[in-house]
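Read the figures in this text as sums done on the coordinates, not as results from a lab. Predicted, not measured: the structure shown is a model, and the values here were computed from it. Here the Cβ positions follow ideal geometry from the backbone for every residue, glycine too, while neighbour counts run over all protein chains shown.
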Amino acid sequence: MEMYEFYTGKLFNAYEYFGCHLSPTGGAVLRVFAPGASRISVIGDFQWQEQELSRIYNGQFWEINIPNAKEGDRYKIRVYTGDGNFIDHCDPYGFGMELRPQSCSIIRDLKSYRWNDEKWLHKRNDHKKRALNIYEMHLGSWKRKQDGSFYSYSEIADDLISYLKDGGYNYVEFMPLGEHPVDNSWGYQQTGFYSPTSRYGTPDQLKELVDKLHQNGIGCILDFVPVHFALDDYALAKFDGTFLYEYPNTDVGNSEWGSHNFMHSRGEVKTYLQSCAYYWINEFHFDGLRMDAISNMIYWQGNQNRGVNNNAVEFIKYMNNGLKEKFPGIILAAEDSTSFQKVCSPVSEGGLGFDYKWDMGWMNDTIKYFNSEPCERPKLYHKLTFSMMYFYSEKFILPLSHDEVVHGKGTMLNKMYGSEQERFRQLRAFYLYMYAHPGKKLNFMGNEIAQKSEWSEERQIDLDILGDGNHKSYNEYMKALCALYNSHSALWEADFDEDGFCWIDCHEEERCIYSFMRSGEKEKLVFVFNFSDKDQEGYKLPLKEKAALEKLFDTDSTGTAVEYDREENAILSIPAYSGCCFTIK
């Protein structure tokens with residue numbers, strides 16, 4: 001390992017040196033970074049009596065050979081501080097951990113799995129000019145066994161692949177899979193950054209899941225948490241008795257989520273995090289990372305008034321640039337609600353180096369509009385036009401994520417206004433508007449079946465409601481909509497090209513009618529929406545030139561709701577809460 005690169009935050013593969021590695025000749029080698037420790041020992045299944053590690057190099061590193069250690073053995077690192085006290089920690093670079101509430105690290109063989117996804121890895125890319133339809137999911141609550149227990153990574157693979165392919169999703173985004181002690185943190189407060197959570201099985205089983213997804217043409221994005229970590233004293237908190245990974249000042253050291261913030265100004269911490277990002281992509285073949293809470297890295301505590309955290313910003317740039325150089329086809333996406341510039345520009349052009357940014361403004365404005373009474377919508381009309389005023393400033397993903405259907409926010413169905421039948425009609429129109437709007441797509445599990453109850457990590461999504469006619473037909477509608485999106489290049493080929501979108505009419509405030517065109521090299525599509533609660537008669541499309549339109553898709557379940565006069569470019573009737581798509585012949 002290059003010591004200078006480690007200390008200056010330039011290293012991407014520190015995990016190949018640190019952690020507990022099996023030796024080709026038997027046993028294992030454990031290495032630990034703990035400059036503030038007075039001494040360190042290890043205990044484990046190989047021997048529950050202490051075995052002391054030796055100081056090496058400059059005295060800040062510790063090492064031991066464990067002759068009788070083997071794959072699957074549990075172990076803990078006993079760290080003594082200057083006052084003679086000790087705490088038993090899990091390994092910061094450990095590749096496996098016990099199921100909560102136990103907290104031992106587990107020795108894992110990183111090289112035991114044999115991959116079969118070479119073709120996929122060779123062709124993967126960032127999908128800037130391709131369809132990108134992401135299904136976001138929490139692995140433990142998508143589907144549960146009859147007794148309520150979790151499926152393993154490998155057990156769930158076939159059902160998940162079948163469901164994604166049937167639904168028309170070409171990428172899946174997993175909420176964080178690093179080990180975490182509390183289920184309701186959803187993985188965002190981690191204790192094992194290099195340890196796939198044992199809730200769902202072993203690292204090799206996770207590799208099997210990713211491998212099978214790739215073999216079926218489905219990409220995998222992992223939710224990655226580079227901002228903060230769990231408070232538990234057996235993990236990273238004051239690991240060697242000092243503030244090694246976190247800030248010593250609680251004003252910036254404690255996050256709004258009741259966790260510790262990483263100290264991104266420290267080179268060893270940068271190395272730890274970017275090596276972790278590299279680890280998930282290199283060892284588990286993830287096709288990209290969605291990075292959580294980037295706003296809290298750009299600005300101190302996520303507060304613009306406190307100023308830019310320049311050390312964290314420079315770290316993001318270096319990490320993203322390095323990951324893209326090493327894995328050119330991966331996708332790096334930022335959850336960022338700020339107006340910070342060039343989030344999705346290359347580092348070479350002064351940007352942060354992300355491929356995409358979540359469009360939180362689009363999400364909030366659109367939901368607010370559809371949640372409002374129809375009589376209020378003329379005043380809110382331009383909530384739906386505002387997104388295109390800033391859209392080309394970044395490269396956006398349109399997210400309807402887990403955060404929008406939990407903690408009293410209501411489900412997507414219940415965000416719509418009106419009676420149940422009105423809500424279903426509006427939800428269809430809402431999603432056609434989403435898939436017609438420029439930007440890549442992300443939809444959280446349960447949204448595709450119009451789930452009635454809010455998402456909870458404690459139970460599986462309500463798949464049984466597909467026995468209800470409304471939910472079944474809605475689910476079939478979503479499949480048809482995803483098929484429309486995937487099969488028409490005008491909907492994704494020029495997402496970030498200003499020639500790919502133009503308003504036809506965005507000044508029908510009183511009637512709440514919107515129309516726009518999406519263009520690609522081979523086709524043009526026209527979309528017309530009526531988001532009022534009244535049927536609209538005699539609407540004439542203000543096309544610049546006469547065109548023959550043929551209806552391609554309709555939000556009405558019969559597919560016959562919108563009446564169109566081809567000679568006059570006139571929509572004779574647009575039902576309330578509806579939308580339709582035409583192709584230009």
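Over all other residues within a Cβ to Cβ distance under 12 Å of Pro196, the charged ones net out to -1, with Lys and Arg as +1 and Asp and Glu as -1.
Compared with the dominant Cα axis of the chain, that is its longest principal axis, helix 310-326 is turned about 80°.
Descending by average beta-carbon neighbour count within 10 Å, the peptides 289-299, 370-380 line up as 289-299, 370-380, the highest first. Ranking Val269, Thr250, Asn311 by how far each Cα lies toward the positive end of the dipole of segment 190-339 (charges on Cβ) leaves Asn311 at the top. Kindly provide the Kirkwood hydrodynamic radius of the chain in Å, to one decimal, from all pairs of distinct alpha carbon atoms. Averaging 1/r across every pair of different Cα atoms and inverting gives 25.5 Å.
Once you charge only the Cβ atoms, +1 for Lys and Arg and -1 for Asp and Glu, what is the size of the charge dipole of the chain about its Cα centre, to the nearest 20 debye?
The dipole of the chain has a size of about 720 debye.
Between helix 420-436 and the chain there is an angle of about 80 degrees, using the helix long axis and the longest principal axis of the Cα atoms. Here the sum of -39500 (n - 2.57) over DSSP H runs of 4 or more residues, divided by the residues of the chain, equals -7500 deg cm²/dmol at 222 nm, to the nearest 500.
Here's how it looks for Phe396: its modeled amide H is under 5 Å from those of Lys357, Lys440, which are all 5 or more places away or on a different chain. In this structure, the amide hydrogen of Asn254, modeled 1.01 Å from its nitrogen in the peptide plane, lies closer than 5 angstrom to those of Asn261, counting only residues at least 5 positions away or on a different chain. Using a cutoff of 8 angstrom between alpha carbon atoms and counting only pairs six or more residues apart, the relative contact order for the chain works out to 11 percent.
Look at the alpha carbon pairs under 8 Å that are at least 6 residues apart: their mean separation over the length of segment 235-380 gives a relative contact order of 15 percent.
The alpha-carbon atoms of segment 3-106 define a convex hull whose volume equals 114 cubic angstrom per residue. Seen against the Cα atoms of the chain and their longest principal axis, helix 469-487 is set at about 80 degrees. Once backbone amide H atoms are built at 1.01 Å from N, Ser38 has Tyr80, Thr81, Gly82 as its partners under 5 Å, excluding neighbours fewer than 5 places away on the same chain. Of the GluC sites (Glu not before Pro) found in segment 43-86, those that fall in a DSSP loop while having at most 16 other beta-carbon atoms within 10 Å are Glu71. With an a/c value of 1.5 or above and a/b not larger than b/c for the gyration tensor axes a ≥ b ≥ c computed over the alpha-carbon atoms, segment 474-534 is described as oblate. Taking the alpha-carbon centroid of each part, what is the distance from segment 495-517 to segment 182-200 in angstrom? Cα centres, segment 495-517 to segment 182-200: 43 Å. Applying both filters, DSSP loop and at most 16 other Cβ atoms within 10 Å, to the trypsin sites (Lys or Arg not before Pro) of segment 383-414 gives Lys409.
Only sites in a loop by DSSP and with at most 14 other Cβ atoms within 10 Å count here; which trypsin sites (Lys or Arg not before Pro) in segment 478-563 make the cut?
Values: sites: Lys479, Arg511, Arg518, Lys522, Lys524, Lys534, Lys540, Lys544, Lys546, Lys551; in loops: Arg511, Lys522, Lys534, Lys544, Lys546.
Filter output for segment 478-563: Lys522, Lys534, Lys544, Lys546.
The mean sequence separation of alpha-carbon pairs under 8 Å and at least six residues apart, normalised by the residue count of segment 1-153, gives a relative contact order of 18 percent.
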